[in-house]
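K.L.:
My questions all concern the structure below.
The values are calculated or read from the model by the stated rules, or taken from the named source; none is laboratory data. Source: prediction; values computed, not measured. Neighbour counts run over all protein chains shown; Cβ positions are idealised from the backbone, glycine included.
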Amino acid sequence: MDILAGLIQTAFLAGGVLALAAMGEVLAERVGVVNLGVEGLMALGAVTAIATVITTPVPVLGLAAALAVGLFAGMLFATATVVVRANQVLAGLALTLIGTGLAATVGRAYSGTPAPATFQPLDIPVLSDIPFLGRALFSHNILVYVIFLVLPLFLHWLMFRTRHGLTMRAVGEAWATMASLTRSSTSSTVAAWMALSALRVSSSGSPGPAPTSVQLPPVPRCGGVVGGVVEGVGRVMGMSPKQFDQQRARCVPPAA
């Protein structure tokens, strides 16, 4: 029983790394970006974290350093794919090759060296004393609890309960519509990708580039509050020309 409990505990520790990277990739695809460089990002984060912890035995600094590397790598990838409009598949593969190669070269000096400091297990009162399940599920470090309990709820709230999440989903699902609005869809995608890359690194077929121009049917110009609502809904929902004509007939009085 002790061996089985230890296996489950280890599975949660190892699975937390993959779960964190998976959440980052899911959110990245929500903003319309496909990245095949997750492995390279994770390798860079791992070697950065271990090098930082060996130099300064503070686990929090190692986590912060991995986050910083993720932000930088995400900025480079987002600039290449969103601003320069490079192919996302090729850029992702390049990130994987560069990340794994650089991590292998830099990490050779730290190979076989254990981390002098790690996050200590945090036993949940009462629950950690349950036979078998207590050790397997309720005796992990703080990061495991955050990854499996706090972070999924927070990301769900961010994506589906906030205006920022609405913007991110709109950029990924209807880039052309967002490009017609005042908010910059390019900057939204770049900012989101930097944050999501940091999320991946801390864990240690491409849809194509966004269109350069947007062709939308003309929006009916109507006066008053009703006209403003019709115009706004028309832009967001992408009405067909027939629907625009129907709305225009309702808003604009017929010529005498």
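K.L.:
Can you name the residue in region 10-24 that is touching a Leu at 6+ places or on another chain (Cβ under 8 Å) and of a type outside the set (Gly, Ala, Ser) and, of all such residues, is farthest from Leu93 (Cα to Cα)?
P.N.:
Going through the qualifying residues, I end up with Phe12.
K.L.:
Please determine, by comparing only the residues of region 18-44 that are at pLDDT 85 or above and in a loop (DSSP other than H, G, I, E, B), which one is nearest to Gly172 (Cα to Cα).
P.N.:
Leu36
K.L.:
Going through region 54-67 one residue at a time, which ones are more than 15 Å from the chain's Cα centre (by Cα) and either surrounded by fewer than 24 Cβ atoms within 10 Å (Cβ to Cβ) or not hydrophobic (A, V, I, L, M, F, W, C) (or both)?
P.N.:
Ile54, Thr55, Thr56, Pro57, Val58, Pro59, Val60, Leu61, Gly62, Leu63, Ala64, Ala65
K.L.:
Any chance you could count how many residues in region 1-32 are within 22 Å of Ala136 (Cα to Cα) and among the charged types (D, E, K, R)?
P.N.:
Final tally of qualifying residues: 1.
K.L.:
Assess whether Ala46 counts as being out of contact with any His (no Cβ under 7 Å at 6 or more places or on another chain) and surrounded by fewer than 16 Cβ atoms within 10 Å (Cβ to Cβ).
P.N.:
Judged against the criteria, Ala46 is not a match.
Condition check ((1) of a type in the set (Gly, Ala, Ser); (2) part of a helix (DSSP H, G or I); (3) over 27 Å from Leu166 (Cβ atoms); (4) not assigned by TED's automatic domain parsing to the domain that holds Leu151) across all residues:
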site	(1), (2), (3), (4)
Gly16	yes, yes, yes, no
Ala46	yes, yes, yes, no
Ile54	no, yes, yes, no
Gly62	yes, yes, yes, no
Phe77	no, yes, no, no
Gly112	yes, no, yes, no
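K.L.:
Would you point out which residue out of Val171, Val126, Val146, Val106 is within 25 Å of Met23 (Cβ to Cβ), at pLDDT 85 or above and assigned by TED's automatic domain parsing to the domain that holds Val33?
P.N.:
Val146
K.L.:
Being assigned to a helix (DSSP H, G or I) and not β-branched (Val, Ile, Thr) narrows it down to one of Leu153, Leu122, so name that one.
P.N.:
Leu153
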